[in-house]
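Since the structure comes first, as structure tokens, the remarks are kept for the end.
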Amino acid sequence: MKKRTPLLVGAGVVLALGPLAPGAHAAGAHTTVAPTAGAHAAPVATAPEDFVALSSIDASIVQDMRYATKVNFIGRRIDGYRQPLCILTRPAAEALHRAQEKLLPQGYSLKVYDCYRPQRAVDEFVRWAKDLDDERMKPEFYPRVAKDRLFADGYIAQKSGHSRGSTVDLTIVELGSPRAVGGPARPVRPCYAPQGERRPDDSVDMGTGFDCFDTLAHTDDPRIEGAQRTNRQFLKGTLAGEGFVNLPEEWWHFTYKPEAYPDTYFDFPVAYRSVAGH
């Protein structure tokens with residue numbers, strides 16, 4: 001098979017690329033350009049009509065959009081996140097609504113950490129990963145991984161399924177749970193520390209925090225037992241019933257199938273104006 005060359009672009013561009021490889025972390029998995037007419041699409045400033053704000057479909061789903069804050073593995077607001085807003089393709093948002101309808105009578109709610117992610121944000125992840133001097137968030141998010149291994153170990157990559165609009169990072173919270181979330185853990189503890197010691201979050205105990213660069217975050221890691229394992233399987237089973245497929249390396253990462261844009265990577269900003277009127 002003829003080798004394909006990756007296509008990297010800047011802000012405001014839609015990419016039509018080949019299928020996303022399995023695995024990889026926050027920035028998504030490596031992929032290559034497919035030889036299609038759409039590979040050099042025109043710049044866009046707003047989302048296609050079938051992208052929506054999740055709140056317009058289900059306002060009861062909690063939104064804790066980490067990349068619009070400093071509470072993430074880089075430690076600053078990420079490029080392209082202009083508002084703390086979950087944007088998804090309509091089929092994915094409607095599927096989350098159906099899952100939420102199942103959870104609410106049981107005393108639980110979904111909480112999303114990240115939804116659609118613009119390509120410019122992924123590009124920032126890549127630039128950060130190449131800067132080996134910036135390790136200020138290492139003690140919490142990747143204490144057992146050398147930063148120069150983030151690409152090789154699949155934690156960071158050039159493309160992300162999130163940029164296609166049907167992938168979401170999320171968890172489950174108990175209704176009425178305290179909303180003291182996002183503040184720093186004092187002292188800073190690893191993302192795999194016991195729940196009461198790591199950074200505050202109202203998620204049910206999943207064994208690690210969100211965006212934990214560690215094999216303990218693998219959904220079915222055998223070291224995760226008891227209530228933590230039950231909680232992961234509860235989340236996975238609830239979403240699987242509505243068409244979501246889990247990424248085995250991340251208990252929080254799910255993609256709605258079939259994807260509306262399986263070969264397209266978008267770069268419009270995460271902002272209300274991007275989906276105004278949809």
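The values are calculated or read from the model by the stated rules, or taken from the named source; none is laboratory data. Bear in mind the structure is a predicted one, so any value in this text is a computation, not a measurement. Note: ideal-geometry Cβ built from the backbone for every residue, glycine included; neighbour counts use all protein chains shown. Each accessible area value is taken on the protein alone, full model and side chains, heavy atoms only, with ligands, DNA and RNA left out. Shrake-Rupley method; radii C 1.70, N 1.55, O 1.52, S 1.80 Å.
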Inside the range 194-229, can you point out the residues that are in contact with a strand residue (DSSP E or B) (Cβ under 7 Å, 6 or more places away or on another chain) and among the hydrophobic types (A, V, I, L, M, F, W, C)? V204, M206, F210
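Out of curiosity, is S109 polar (S, T, N, Q) and open to solvent by less than 50 Å² (accessible area, probe 1.4 Å)?
Values: polar (S, T, N, Q): yes; open to solvent by less than 50 Å² (accessible area, probe 1.4 Å): yes.
Judged against the criteria, S109 is a match.
How many of the residues in the range 61-91 are closer than 17 Å to A271 by Cβ and not in a loop (DSSP other than H, G, I, E, B)? Talk me through it step by step, then tell me what you get.
Of the range 61-91, the ones closer than 17 Å to A271 by Cβ are 63, 65-69, 77-89.
When the remaining residues are screened for being not in a loop (DSSP other than H, G, I, E, B), the result is 63, 66-68, 81, 87-89.
Looking only at that region, the number is 8.
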What number of residues in the range 73-98 are buried (at least 22 other Cβ atoms within 10 Å of the Cβ) and closer than 21 Å to R164 by Cα? 11
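Let's see how each residue does on (1) in contact with a strand residue (DSSP E or B) (Cβ under 9 Å, 6 or more places away or on another chain); (2) among the polar types (S, T, N, Q); (3) in contact (Cβ under 8 Å) with a residue 40 or more places away in the chain:
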| position | (1), (2), (3) |
| --- | --- |
| F51 | yes, no, yes |
| V62 | yes, no, yes |
| R76 | no, no, no |
| H97 | no, no, yes |
Could you tell me whether any residue of the range 92-103 is part of a loop (DSSP other than H, G, I, E, B) and either of a type in the set (K, R) or at pLDDT 95 or above (or both)? no
With the requirement that a residue be free of Cβ contacts under 8 Å to residues at least 12 places away in the same chain, assigned to a helix (DSSP H, G or I) and of a type outside the set (K, R), what does the range 104-135 give you? P105, Q106
Looking only at residues that are of a type outside the set (D, E, K, R) and more than 17 Å from the chain's Cα centre (by Cα) in the range 130-150, which one is most open to solvent (accessible area, probe 1.4 Å)? L132
